[in-house]
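Novice: Okay, here's the structure, questions in a sec.
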Amino acid sequence: MKEPFFFAVAAVTIDGFIARFPGHKSDWTSKEDKAHLHKMEKAADVLLLGRASFEVAKKKLSKKNCLVLSRKVNGIRKKTKNLTFLNPKSVDVKKFVKDCGYKKICVLGGRAAYNYCLKKNLLDEIFVTIEPIVFGKGIPMFDSAVKTKTFTLVLAKKLNAKGTLLLHYKKK
């Protein structure tokens, strides 16, 4: 069986933040970013995200196939047909995904999910939309505990007249 393919999708400010604070909604991103996000979600078999990010977007994600990383569950807890909670400390997420037959996994964040996937060397590709906005402080996509990983730029595309950029990277 072919290895599962993990790709992260994120929107960041030009000063590198995915949110101002925990629970901050992504209402600051452009319609072009949202269109890209929905396209990427549709291309995936399952969406992978952290519990806090899931809680922020729970209503929009309710009909989508989701795996939610949470330290608040022991092992695996299947909540509904489309929703499973996994404790990444006790569950091998890659093995779980493979055992379920998922081939394309869209990692939607937040920082804990991005960090987990990067640390476990799961991210095959990263799509970053850079919005022309500055928060000054906030939550970065990755934290300082992440070891250096190298990616190669595949595409850089201007999405709108305001200067929103889409960057597509592949694992080197």
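The values are calculated or read from the model by the stated rules, or taken from the named source; none is laboratory data. These figures come from a predicted structure and were not determined experimentally. Every residue, glycine among them, receives a Cβ derived from its backbone with ideal geometry; neighbour counts consider all protein chains shown.
Novice: Please specify each residue of segment 47-64 satisfying the condition of being out of contact with any helix residue (DSSP H, G or I) (no Cβ under 7 Å at 6 or more places or on another chain), closer than 23 Å to ASP99 by Cα and in contact (Cβ under 8 Å) with a residue 24 or more places away in the chain.
Specialist: ARG51
Novice: Out of the residues in segment 117-147 meeting the condition of being of a type in the set (Val, Ile, Thr) and either in contact with a Cys (Cβ under 8 Å, 6 or more places away or on another chain) or touching a residue at least 60 places away in the same chain (Cβ under 8 Å) (or both), tell me which one is farthest from ALA19 (Cα to Cα).
Specialist: In the first step, residues of segment 117-147 are kept if they are of a type in the set (Val, Ile, Thr); the result is 126, 128-130, 133-134, 139, 146.
Among the residues that remain, those that are also either in contact with a Cys (Cβ under 8 Å, 6 or more places away or on another chain) or touching a residue at least 60 places away in the same chain (Cβ under 8 Å) (or both) are: 126, 128-130, 133-134, 139.
Details: ILE126: 18, VAL128: 14, THR129: 13, ILE130: 12, ILE133: 11, VAL134: 11, ILE139: 5 Å.
If we take residues in segment 117-147 being of a type in the set (Val, Ile, Thr) and either in contact with a Cys (Cβ under 8 Å, 6 or more places away or on another chain) or touching a residue at least 60 places away in the same chain (Cβ under 8 Å) (or both), then ILE126 is farthest from ALA19 (Cα to Cα).
Novice: Suppose we keep only residues that are assigned to a loop (DSSP other than H, G, I, E, B) and hydroxyl-bearing (Ser, Thr, Tyr) within segment 87-127. Which one would you say is farthest from LYS170 (Cα to Cα)?
Specialist: SER90
Novice: Using beta carbons and a limit of 6 Å, which pairs, at least six apart or on different chains, have the first residue in segment 100-116 and more than 15 Å from HIS24 (Cα to Cα) and the second one of a type in the set (Phe, Trp, Tyr) and outside any strand (DSSP E or B)?
Specialist: From segment 100-116, the pairs are TYR114/PHE142; ASN115/PHE142.
Novice: Which members of segment 128-172 meet the condition of being surrounded by 11 or more Cβ atoms within 10 Å (Cβ to Cβ), among the β-branched types (Val, Ile, Thr) and part of a strand (DSSP E or B)?
Specialist: Within segment 128-172, VAL128, THR129, ILE130, ILE139, VAL154 qualify.
Novice: Next question. Out of curiosity, is VAL107 more than 23 Å from HIS38 (Cα to Cα), buried (at least 17 other Cβ atoms within 10 Å of the Cβ) and aliphatic (A, V, I, L, M)?
Specialist: no
Novice: Can you find a residue that is surrounded by 15 or more Cβ atoms within 10 Å (Cβ to Cβ), farther than 12 Å from PHE6 by Cβ and in contact (Cβ under 8 Å) with a residue 24 or more places away in the chain anywhere in segment 70-83?
Specialist: Looking for residues that are surrounded by 15 or more Cβ atoms within 10 Å (Cβ to Cβ), farther than 12 Å from PHE6 by Cβ and in contact (Cβ under 8 Å) with a residue 24 or more places away in the chain, one finds none in segment 70-83, hence no.
Novice: List the number of the failed condition for GLU41; all other conditions in (1) more than 17 Å from PRO132 (Cα to Cα); (2) at pLDDT below 95 hold.
Specialist: For GLU41, the failing item is (2).
Novice: Those residues that are in contact (Cβ under 8 Å) with a residue 40 or more places away in the chain, closer than 20 Å to VAL134 by Cβ and within 19 Å of the chain's Cα centre (by Cα), I need them from segment 148-172; list them, please.
Specialist: Listed by number, the residues that qualify are THR164, LEU166, LEU167.
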